[in-house]
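Below: one structure, written as structure tokens.
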Amino acid sequence: MKNNIKLAGVLSEKNIKIIDIIKIYIYINAVNHIVLLFLTIIESILNTKGYSIDVNLLYASKGEYIKASLGLYLRVFIIGPVIEELIFRGGILKWLKKYGVKFAIVVQALIFAILHNNLMQVVPTFIVGISLGYIAVMTNSILVTIIIHMINNSFTGLIQMIILKNVSIASPIYIIMSISYVIIGVITLYHSKWKVILGNTINIDIKEFFSKNKQQEIRRGKYEP
């Protein structure tokens, strides 16, 4: 009961709503699946040559299926996210901050991605690591990153185990699901007036962000030889 009060207190202090956390997860997932659509092209080309960078498909071809169990669910959906956040965002990120915040966010995300030991997941996991690192810095807490990590592992894990079990990333069903995730992300962002908000810690106007970048490019084009 005390833990629930403490959790609610931390979130209310930063004015963070659960719906905002879910939206952040949707945005991260959408970006990941844009990347996965590009990786799908690479995987399709490799498949024609008899190769694959999809570790899950490799295990399936050897008959090494992941058996669902209560222990697996606890490890993947609860224990794993908590331990990984304590290590990467709670430990490595904080330790590396002395070399600069941006450096710390990038390096911890890179280590996080590499240690997942799956070439297909390196870029998407790196994006997750960058996002969670940024959120941890802005909120000055790993509580929100633990929640997002749990949601990500729970939803993605269940889809992988139930619907996409032993299915190649290059298969039509995987492509359709990736496109669906991207569409959901765009619709969610549209209904949020193109703003990524997380309480009073993060408020990014996507239109303004790209508009500033475009103006900077124009200026560089005018003034740089």
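The values are calculated or read from the model by the stated rules, or taken from the named source; none is laboratory data. None of the values given here were measured: they were computed from a predicted structure. All Cβ positions, glycine included, derive from the backbone under ideal geometry; neighbour counts span all protein chains shown. What goes into the accessible areas is simple: the full protein's heavy atoms, side chains included, and nothing from ligands, DNA or RNA. Shrake-Rupley method; radii C 1.70, N 1.55, O 1.52, S 1.80 Å.
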Of the residues 93, 164, only one is open to solvent by less than 30 Å² (accessible area, probe 1.4 Å) and modelled with pLDDT of 95 or more; which? 93
Cβ pairs under 9 Å, 6+ apart, first in region 8-34 and in a helix (DSSP H, G or I), second modelled with pLDDT of 95 or more and open to solvent by 40 Å² or more (accessible area, probe 1.4 Å): 26/184; 29/184; 30/183; 30/184; 30/186
Has region 177-193 got any residue that is modelled with pLDDT under 90 and crowded, with 16+ Cβ neighbours inside 10 Å? yes
Pick from region 47-90 the residues that are acidic (Asp, Glu) and open to solvent by less than 70 Å² (accessible area, probe 1.4 Å): which of them is modelled with the lowest pLDDT? 54
